[in-house]
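Structure, as structure tokens:
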Amino acid sequence: MTVTITREDAVAVVTVDNPPVNALSQALRQALVDAVAELDADGTVKAVVLICAGRTFIAGADVSEFGKPPLPPHLPDVVASIESAKKPWVAAIHGSALGGGLEVALGCAYRVAVASASLGLPEVKLGIIPGAGGTVRLPRLVGPAAAVDLVTGGNPVGARKVEELGLVDAIIEGDLRAGAIAFASDVAGKPLPQPLSSRAVPAVEAGFWEAAEKAEAAKARREVAPLRALASVRKASEADFSTAMAFERETFLELRGSEQAAALRHVFFAERAAPRPPELAGVTPRDIRSAAVIGGGTMGAGIAAALRDAGLPVVLIERDQAAVERGIANVRAIYDGSVKRGRMTQALADERMAGVAGGDDYGLIADTDLVIEAVFEDLAVKRTVFEMLSSVCRPDAVLATNTSYLDPDAISRGVSHPERFLGLHFFSPAHVMKLLEIVPTETTTPEVLATGFALARLLAKIPVRAGICDGFIGNRILKVTRAQAERLLLSGATPSAVDAAMRAFGLPMGPFEAQDLGGLDIAAFQRKAARERGETPFAPVAERLCALGRFGQKTGGGWHDYQPGDRAPRPSETVAAIIVELAAGRPQRAWSEAEIADAILLPMVNEATRILEERVALRAADIDLVKIHGYGFPRWRGGPMHYAETRGLAEVVAVLDGLVADGLAEPPCDGLRRAAQAGRFSVLSD
Ligand code: T1G
């Protein structure tokens, strides 16, 4: 970490260089305070430019310091020293000015930025709130409404937008350093602008705060930080500066030590570690400059759009021309939807579509770097596709299957150069869902596996290596979720109560609502395949519903009933009658929401532990990422494994043993008992 001071006539340039993202470590905070004192004492300095080396301005406090006691100088003091400096400080922003980085910039007299910069206060994404004046100075500069949006959402905003808000004083075209120095030279010697700390917060209309709190509470689903951040902005508009600063700091320190913050930090670092697994360190991936997708259905079209969004030219192959046209239409529908929702301009949508070619001649992809198969989930059909690909594609082309349930080893039998084959399991909709399970076969080389991870980085996906078993990581655990949900129905709970309990836990929807949305027939198809493999999936009620043609919303009823045009689930008498019949003779009991959540989540953790033991997953954090990015598990819980560790694995085992005694769960696996003794899952992957 270095902070260097250079001079351009009367302008001093303070350059921060603390790779990788100029985070505000203790050393950097100290160096900034020292720089203020040094430059204030130098009468020849009339203005100061604060700029950063590397790819970004200050990206915030050093998150890796959060688990330790905060050391002085504390950031509020650093910001206050810059704000009370005798010379105007100009923050010169490129890359991301986030969290403490934006707070430092708010302490500066002026802010200039390049047009590509983004600015924001993402603290709520880490389960905290800004802790150095972000919720207090920001509303004084941009007004309460804009401040509330920035602070409660935590999403960075582009420089042009923030210029409109008045958050930056100028957009610098061309060289930032030169432009900032020119700006500083221009303001040097002029009266200093009023510091934000002494400005008033613009008034809001009556009811503004109540409406904002109501809206935020509706979104929160028990996530704490956004509402606390809102309260801090409100305090800033209703109290004097120092009272508001104290309120913010107190809230920040309290949340910093909270379980939700620890969980969100766990996810933050897990997401950053995922694209570069240690087992692939030093392995060079193959170049991917062109791609093809076999199959233009929902998954194929989504994958094609994801590849296009990453800038790759894509060829969509289908069995005949009519199917090709349907496939292309599916891709176009994705972009039309984005344009309709204002997420993309028509021009960009057209540019994306221009890069998608379609055909039924495999010869079109003879020179393609990567081919992803996304055809019907049938082994024979998939093998036929790979026989064709083996005969037309370059021997070094990477061949991948998007199967979600079949065995990639079985699919790859007969593929020429099988070392270039792997599973790339996307989640629907593939151009939206961040998760990518990467499934190497017995013959996949490390180089090809590394190519899968490189592709994930290119597509901005969260990659997780998954070993081969039925359902890989995510769907294997999902089977347990569903079986447990059915066991609860046969023990006295109702579909509505189970869904409500899981929503109360923080999931976007319960297991039965989710099946009604996706369709019960998909799981029925998988159970049929499982039975053919000699397994005995537990789904007595679902089987009955499928036999009645109750496949969910698309048939007007599944686990719940639905009125035409209305997605609101309603309790079903038909389902209730089937449950009563199938539950006959089984012990019934009343279930609290917490007990329902335990009866589903803890067996999931048990199955996830087996997955770790079998090294189908290499790290517990990988399983957390799978459930968060593929199955809506609440981020602020950190994922099922982090949640279980935080709860205490000994307690998890004890509750599971209780469920076992009631015949409602499988016994804890050896790995879980071992992890419980150690108090952590890493003992299984050490
Ligand atoms: N602290 C420590 N390390 C950080 C970091 C941070 N704030 N941000 C990133 N890193 C590391 C990251 O772990 C990775 O390490 C490397 O930098 C590159 O990150 C008082 C208290 C800036 C947009 O929430 O959003 O300020 O894996 O892969 O895709 O109010 O990083 O290479 O070893 O993500 O180019 C608020 C978090 C903190 C911003 C760059 N700030 N960072 O994205 O790179 S709270 C944030 C990001 C705060 C104050 C409060 C992104 C990025 P490694 P990367 P990227």
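The values are calculated or read from the model by the stated rules, or taken from the named source; none is laboratory data. Treat the numbers as computed from the prediction; the structure is a model and nothing was measured. Quick reminder, even Gly has a Cβ in these numbers, built from the backbone with ideal geometry, and neighbours come from all protein chains shown. All accessible areas refer to the heavy atoms of the entire protein, side chains included, with ligands and DNA or RNA removed. Shrake-Rupley method; radii C 1.70, N 1.55, O 1.52, S 1.80 Å.
Structure values in brief
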| read-out | value |
| --- | --- |
| For GLY120: the one exception among (1) in contact (Cβ under 8 Å) with a residue 12 or more places away in the chain; (2) away from the ligand (no atom under 11 Å from the Cβ) | (2) |
| Tabulated pairs, the stretch 416-442, first closer than 19 Å to GLU271 by Cβ, second open to solvent by 20 Å² or more (accessible area, probe 1.4 Å) and modelled with pLDDT under 95, C-beta under 8 angstrom, 6+ apart or interchain | HIS425/SER404 |
| Whichever residue in the stretch 190-205 is closer than 15 Å to MET245 by Cα and assigned to a loop (DSSP other than H, G, I, E, B) and, among such residues, is most open to solvent (accessible area, probe 1.4 Å) | ALA200 |
| Those residues of the stretch 46-74 which are more than 13 Å from the ligand (Cβ to nearest atom) and open to solvent by less than 40 Å² (accessible area, probe 1.4 Å), in sequence order | ALA47, VAL48, VAL49, LEU50, ILE51, ALA53 |
| Any hit, the stretch 629-644, residues being over 23 Å from GLU259 (Cβ atoms) and aromatic (Phe, Trp, Tyr) | no |
| Some residue of the stretch 560-576 being open to solvent by less than 40 Å² (accessible area, probe 1.4 Å) and closer than 28 Å to LEU406 by Cβ | no |
| Check on ALA617, crowded, with 24+ Cβ neighbours inside 10 Å and under 30 Å from PRO277 (Cβ atoms) | yes |
| Pair list, Cβ under 8 Å, 6 or more apart: the stretch 324-350 residue under 22 Å from SER428 (Cβ atoms), other residue polar (S, T, N, Q) and surrounded by 17 or more Cβ atoms within 10 Å (Cβ to Cβ) | MET344/SER338; ALA349/SER338 |
| The listed residue being under 30 Å from the mean Cα position of the chain (by Cα), small (Gly, Ala, Ser) and open to solvent by 30 Å² or more (accessible area, probe 1.4 Å), out of ALA229, ALA211 | ALA211 |
| Within the stretch 577-601, tally of residues that are in a loop (DSSP other than H, G, I, E, B) and open to solvent by 70 Å² or more (accessible area, probe 1.4 Å) | 7 |
| Some residue of the stretch 367-378 being out of contact with any Ser or Thr (no Cβ under 7 Å at 6 or more places or on another chain) and in a helix (DSSP H, G or I) | no |
| Index of the failed condition, MET1 passing every other in (1) in contact (Cβ under 8 Å) with a residue 12 or more places away in the chain; (2) more than 14 Å from the ligand (Cβ to nearest atom) | (2) |
| Meets criteria (within 14 Å of the ligand (Cβ to nearest atom) and not in a helix (DSSP H, G or I)) for PRO275 | yes |
| Filter result for the condition that a residue is buried (at least 17 other Cβ atoms within 10 Å of the Cβ) and at negative phi, over PRO440, PRO446, PRO429 | PRO440 |
| Pairs, first over 18 Å from LEU196 (Cα atoms) and at pLDDT below 95 in the stretch 78-98, second within 13 Å of the ligand (Cβ to nearest atom) and of a type in the set (Asp, Glu), C-beta under 9 Å, six or more apart | none |
| Failed item, numbered, when SER237 is tested on (1) more than 10 Å from the ligand (Cβ to nearest atom); (2) surrounded by fewer than 20 Cβ atoms within 10 Å (Cβ to Cβ); (3) of a type outside the set (A, V, I, L, M, F, W, C) | (2) |
| Within the stretch 34-45, considering residues that are surrounded by fewer than 16 Cβ atoms within 10 Å (Cβ to Cβ) and in a helix (DSSP H, G or I), the one nearest to the ligand (Cβ to nearest atom) | ASP34 |
| Candidates GLU250, GLU318, GLU254, filtered to the one that is in contact with a helix residue (DSSP H, G or I) (Cβ under 9 Å, 6 or more places away or on another chain), within 16 Å of the ligand (Cβ to nearest atom) and of a type in the set (Asp, Glu) | GLU254 |
| Condition check for GLY54: in contact with a strand residue (DSSP E or B) (Cβ under 8 Å, 6 or more places away or on another chain), under 19 Å from VAL157 (Cα atoms) and small (Gly, Ala, Ser) | no |
| Filtered residue count, the stretch 45-93, keeping only those that are within 20 Å of ALA12 (Cα to Cα), more than 24 Å from the chain's Cα centre (by Cα) and not acidic (Asp, Glu) | 25 |
| Subset of the stretch 278-298 [open to solvent by less than 30 Å² (accessible area, probe 1.4 Å), part of a loop (DSSP other than H, G, I, E, B) and in contact with a Phe, Trp or Tyr (Cβ under 8 Å, 6 or more places away or on another chain)] | GLY295 |
| Residues (closer than 19 Å to GLY630 by Cβ and under 23 Å from the mean Cα position of the chain (by Cα)) located in the stretch 435-457 | LEU435, LEU436, GLU437, ILE438, VAL439, GLY452, PHE453, LEU455, ALA456, ARG457 |
| Per-region count, the stretch 85-102, residues open to solvent by less than 10 Å² (accessible area, probe 1.4 Å) and either within 16 Å of the ligand (Cβ to nearest atom) or β-branched (Val, Ile, Thr) (or both) | 8 |
| Which listed residue, of ASP77, ASP149, is of a type in the set (Asp, Glu), open to solvent by 10 Å² or more (accessible area, probe 1.4 Å) and within 13 Å of the ligand (Cβ to nearest atom) | ASP77 |
| Residue under evaluation THR6, criteria (1) assigned to a strand (DSSP E or B); (2) surrounded by fewer than 18 Cβ atoms within 10 Å (Cβ to Cβ); (3) within 16 Å of the ligand (Cβ to nearest atom), criterion not met | (3) |
| Counted residues, the stretch 453-507 - those being assigned to a loop (DSSP other than H, G, I, E, B) and either more than 20 Å from ARG544 (Cβ to Cβ) or among the charged types (D, E, K, R) (or both) | 13 |
| Options ALA105, ALA31: the member that is open to solvent by 20 Å² or more (accessible area, probe 1.4 Å) and within 18 Å of ASN18 (Cα to Cα) | ALA31 |
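Every residue, every condition in (1) more than 29 Å from LEU435 (Cα to Cα); (2) surrounded by fewer than 24 Cβ atoms within 10 Å (Cβ to Cβ); (3) not aromatic (Phe, Trp, Tyr), yes or no:
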site: GLY639; (1), (2), (3): no, no, yes
site: GLY648; (1), (2), (3): no, yes, yes
site: VAL655; (1), (2), (3): yes, yes, yes
site: ALA661; (1), (2), (3): yes, yes, yes
site: PRO667; (1), (2), (3): yes, yes, yes
site: LEU672; (1), (2), (3): no, no, yes
site: ALA675; (1), (2), (3): no, no, yes
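Residue by residue, here is whether (1) surrounded by fewer than 19 Cβ atoms within 10 Å (Cβ to Cβ); (2) farther than 27 Å from PHE268 by Cα; (3) among the hydrophobic types (A, V, I, L, M, F, W, C); (4) more than 16 Å from the ligand (Cβ to nearest atom) holds:
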residue: ALA113; (1), (2), (3), (4): no, no, yes, no
residue: GLY134; (1), (2), (3), (4): no, no, no, no
residue: ARG160; (1), (2), (3), (4): yes, yes, no, yes
residue: SER185; (1), (2), (3), (4): yes, yes, no, yes
